[in-house]
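Everything on this sheet refers to the single structure shown next.
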Amino acid sequence: MGTVNRDSQEYSLVVQKELEFWFQSTLGRTLLANQRAVIEKKICRLFGFHQAEIGVSHRVPVGNPSSLGHKFYILPNWESDLPENSIISNFGEIALDHDIVDLVILHHTLDFSADPHQTLREASRILKSSGNLLIVGFNPVGLWGLRRLFSTRKQAPWNMRFIAGSRIEDWLNLLDFRVSGVQTHFYGLPINSQRMVNRSLWLNNVLNEKVPLGAYYTILAQKQSGARIKAIPKWRTKGKVVGLPVANRVSMKEKIK
């Protein structure tokens, strides 16, 4: 994989799959449990109906606790066990119409995306005005950032981008989002050992999200730009996985006719 361009779609897909497997490790499972608890608090009171989760995998869901009625995944590759509520699409040009989703969750998507800025623009494009965007990303500051910097084995998650939360916040401001702030979480040691993980979890009770040294950050932002006035699209309630060629993106209303 060392010969593959870091900014290529091929590299992005390989790293994404590596991250999915890493979340099955001792350290990965512990981090994921912490993330799910944090995300639940962030989204449990949000309103709307359509929720798009663009993340690591349908096998690593994080948005289930929300009260939104229509939840679906946006994934780059077809797999045999995909749930029916899945859309296959390139993250850089999502096969959905403008202003159609109430909540978008980017679970480490910008960390492995071939073009994180374009992915963020696409998430903004499909989001309704006043819709919410939740971003989860690895924090380059702190022990996890140091582990990435000095890691000799560049495998997930240490081969990911680790984009600073302040940089993402700047991007969101340019896209007319109202950002509630960057909060960091999980202060356990970045060591894949159950004993060491358990011995370091006490740090979560001492430090809090205002100390910018956690393993990952969350950013909750609300879209402020106006939306186009249009007819409400009809959503398919049941059906198979939808796969659309990026070059032939159509509106959701045209797709279901």
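Coordinate-derived values only; no laboratory data. Everything quoted here is computed from the prediction, not taken from an experiment. All Cβ positions, even for glycine, are placed from backbone atoms using ideal geometry, and neighbour counts span all protein chains on display.
If eta is 1.567 mPa s and T is 4 °C, what Stokes-Einstein diffusion coefficient results for the stretch 1-108, Kirkwood Rh from Cα pairs, in µm²/s?
Working: Rh = 15.0 Å.
Translational diffusion coefficient: 86 µm²/s.
May I have the convex hull volume per residue, in Å³, for the Cα set of the stretch 46-143? Before the final figure, lay out the partial values.
Numbers: hull volume 11.4 nm³, N = 98.
Here the figure is 117 Å³ per residue.
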The extension gain from Lys17 to Arg199, computed as 0.36 nm times the residue separation minus the Cα-Cα distance, is 62.6 nm
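Identify the GluC sites (Glu not before Pro) of the stretch 1-91 meeting these criteria: DSSP loop state and at most 14 other C-beta atoms within 10 Å of the C-beta.
Working: sites: Glu10, Glu18, Glu20, Glu40, Glu53, Glu79, Glu84; in loops: Glu79, Glu84.
For GluC sites (Glu not before Pro) across the stretch 1-91 that sit outside H, G, I, E and B with at most 14 neighbouring Cβ atoms in 10 Å, the list reads Glu79, Glu84.
Are there chymotrypsin sites (Phe, Trp or Tyr not before Pro) in the stretch 73-178 that DSSP puts in a loop and that have at most 10 other Cβ atoms within 10 Å, and which ones? It would help to have the intermediate numbers written out before the result.
On the way: sites: Tyr73, Trp78, Phe91, Phe112, Phe138, Trp144, Phe150, Trp158, Phe162, Trp171, Phe177; in loops: Trp78, Phe91, Trp158, Phe162.
Counting only loop positions with at most 10 other Cβ atoms within 10 Å, the chymotrypsin sites (Phe, Trp or Tyr not before Pro) in the stretch 73-178 are Trp78.
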For the stretch 120-206, the fraction of alpha-carbon pairs in successive 5 Å shells from zero, as %: 3, 11, 19, 18, 17, 12, 10, 7, 2, 0
Out of the stretch 1-64, which chymotrypsin sites (Phe, Trp or Tyr not before Pro) are coil in DSSP terms and have no more than 15 other C-beta atoms within 10 Å? Phe47, Phe49
